[in-house]
1. Test of understanding: among B:HIS150, B:HIS222, which residue is touching a Leu at 6+ places or on another chain (Cβ under 9 Å) and more than 16 Å from the ligand (Cβ to nearest atom)?
2. Looking at the range B:164-178, can you tell me whether even one residue there is within 16 Å of the ligand (Cβ to nearest atom), under 27 Å from B:GLU5 (Cα atoms) and within 15 Å of the chain's Cα centre (by Cα)?
3. Surrounded by 24 or more Cβ atoms within 10 Å (Cβ to Cβ), in contact (Cβ under 8 Å) with a residue 60 or more places away in the chain and either within 14 Å of chain A (Cβ to nearest Cβ) or under 19 Å from B:GLY21 (Cα atoms) (or both): is that true of B:ALA333 in this structure?
4. If you check B:ASP203 against the conditions, is it outside any helix (DSSP H, G or I) and modelled with pLDDT of 95 or more?
5. For B:VAL163, which of the numbered conditions (1) modelled with pLDDT under 95; (2) hydrophobic (A, V, I, L, M, F, W, C); (3) touching a helix residue (DSSP H, G or I) at 6+ places or on another chain (Cβ under 6 Å) fails to hold?
6. Only one of B:ALA68, B:ALA101, B:ALA73 is within 7 Å of chain A (Cβ to nearest Cβ) and among the small types (Gly, Ala, Ser); which?
7. Only one of B:ARG53, B:ARG24, B:ARG42 is over 16 Å from the mean Cα position of the chain (by Cα) and more than 9 Å from chain A (Cβ to nearest Cβ); which?
8. Only one residue in B:LEU309, B:LEU294, B:LEU316 is touching a helix residue (DSSP H, G or I) at 6+ places or on another chain (Cβ under 6 Å), away from the ligand (no atom under 16 Å from the Cβ) and either assigned to a helix (DSSP H, G or I) or modelled with pLDDT of 95 or more (or both). Which one?
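The values are calculated or read from the model by the stated rules, or taken from the named source; none is laboratory data. No experiment lies behind these values; they were computed from the predicted model shown. Ideal geometry is used to build each Cβ from the backbone, glycine not excepted, and the neighbour counts take in all protein chains shown.
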Amino acid sequence: MLLAIDTSAGTSVAVVDREGGVLAEHTELDTRRHAEVIGTFIAACLSDSGVAVAELSGVAVGMGPGPFTGLRVGIAAARAFAFGAARPVVPVISHDAIAYELGSAEPLLVVTDARRREVYWSAYSGIDAVGLPLRAAGPGLTRPDELAATVPEIDGYRRLDAASVSAGALGMLAETLFYNRRPFAVDEALYLRSPDVTLSSGPKRVS
Amino acid sequence: MSAREPLVLGIETSCDETGIGIVRGTTLLANVIASSMDEHARYGGVVPEVAARAHLEALVPALKQALAESGVALDELDAIAVTSGPGLSGALMVGVGAAKALALSLGKPIYAVNHLVGHVGADVLDSVGSGPSRPAIEYPTVALLVSGGHTSLLLVRDLISDVELLGETIDDAAGEAFDKVARLLGLPYPGGPEIDRAAAGGDPTAIRFPRGLSNPKDVEAHRYDFSFSGLKTAVARWVEKAQDAGEAVPIADVAASFREAVADVLLTKAVAACIDHGIPRLLLGGGVVANARLRELAAERCAANGIELRIPPLDLCTDNGAMIAALGAQLVAAGRAPSDFDFGADSTLPVTSIQA
Ligand SMILES: [Zn+2]
């Protein structure tokens, strides 16, 4: 059983079991309340599912891509919870959870909002025998009007614009990856953008 | 105090230091600070996004180190305390998210506390192995908290129930002024220690730089408030004038005179607050306390006015998790109910909100 957390869009928390499916899930679409709701959602998922912390075998977490401030809340929470529970963190790419939930055998382009008139995207060629999405390219960051040029094979893809990521789907994806001995994602936040800094060219005159 | 004092772990991420502290009541057990200062150096100041990214990476390693240093096991803890504000919002959120999840994974209560009041709380801690412990801090006290993020003058009647903001900076924090002036003197970041070094041997009376909000009219409206942006501009003008005239800038004199102006205005207002309120106690906190001249002038002015001066050890003055744990432990010891899990990060949390 896994606790699953994703804050790459809104805030979503779930407790999942490979056989039992999604045992509890709480999602808030508001993209400005991650820090407020993360704790109550974790507590609610544990109590709704009746699963004790000691019964969990890990903490799955969406590593993005997603707007930084919110994304970090979920990753920080997942790492801290895993540390407290002495369980491993299971990093997952958030877009993979969207593709996994859809389960489409057809080529798929997942697109999410990156703010500042840019989008995050990931391209999938389909799913494999156990239902795992086959990511062909991405995740990447681009302007919407440059998406076609960025993902050359876009014509054949179905485009899915997602506003939320389900922690339930993310957790089930992690369970499936683990069960089939597939690698997890790298334990690194997928910012895909360098910090917003302009280097100053030295002090400006005041007189 | 109860027979067994509360064992509390504190998490602080309000600016560029990831602080994890562990205390038992008023005893400091661990104070781990991971700073992202070096990453900000090339920008000449704290970049919020850079700080927040660094917190995310530093958090669990700092937790491990604090537990190892203190010899405390997670399940022994009585509570988790965390800074919920004021500070940089994206940075605060990392600590808030982590603290909530850690508390829930352990089934422990959480105390969301005020960063500025935490600076005051630092003074209740005895230092590990520092010989005979100091007498406990007495209230009421005036507290002057000076860092790169804040410059505040507080009246603390009681640490956990009655804190009043007397004044604060209306523009730059004092630490920011140090950084900016260092830059225009061609000195690296962070500016505080650089200005201190450059000022050695300089004449603090060489140039009379302005003391912000100190003329009678301003004092009427802003008796305990500070302003450093005018001072910074005055230094820039002075330096430009010298350069335009083709003169070498006397860096030691400029640094010493600037530093004197900052220390003077800080202590003048802090001492005035003590006298006005009939409180013969002044506590210093915040990273700028590292400044040698500020400490020296504080000692002089306090001695001259019969004011007891308290300065916690330096690693408890800069932002740290131990002070947050200490304040949390005071709340636990007083029997306060824990915070609800729905608190957020509040970048402008007022000092009257000691616990969120
Ligand atoms: Zn501070």
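1. Numbers: B:HIS150 fails: more than 16 Å from the ligand (Cβ to nearest atom).
The unique qualifying residue is B:HIS222.
2. No, every residue in the range B:164-178 fails to be within 16 Å of the ligand (Cβ to nearest atom), under 27 Å from B:GLU5 (Cα atoms) and within 15 Å of the chain's Cα centre (by Cα).
3. no
4. So B:ASP203 passes the test.
5. (1)
6. Numbers: B:ALA68 fails: within 7 Å of chain A (Cβ to nearest Cβ); B:ALA73 fails: within 7 Å of chain A (Cβ to nearest Cβ).
Exactly one of B:ALA68, B:ALA101, B:ALA73 is within 7 Å of chain A (Cβ to nearest Cβ) and among the small types (Gly, Ala, Ser), namely B:ALA101.
7. Working: B:ARG53 fails: more than 9 Å from chain A (Cβ to nearest Cβ); B:ARG42 fails: more than 9 Å from chain A (Cβ to nearest Cβ).
When all the criteria are applied, what remains is B:ARG24.
8. Of the residues listed, the single one that is touching a helix residue (DSSP H, G or I) at 6+ places or on another chain (Cβ under 6 Å), away from the ligand (no atom under 16 Å from the Cβ) and either assigned to a helix (DSSP H, G or I) or modelled with pLDDT of 95 or more (or both) is B:LEU309.
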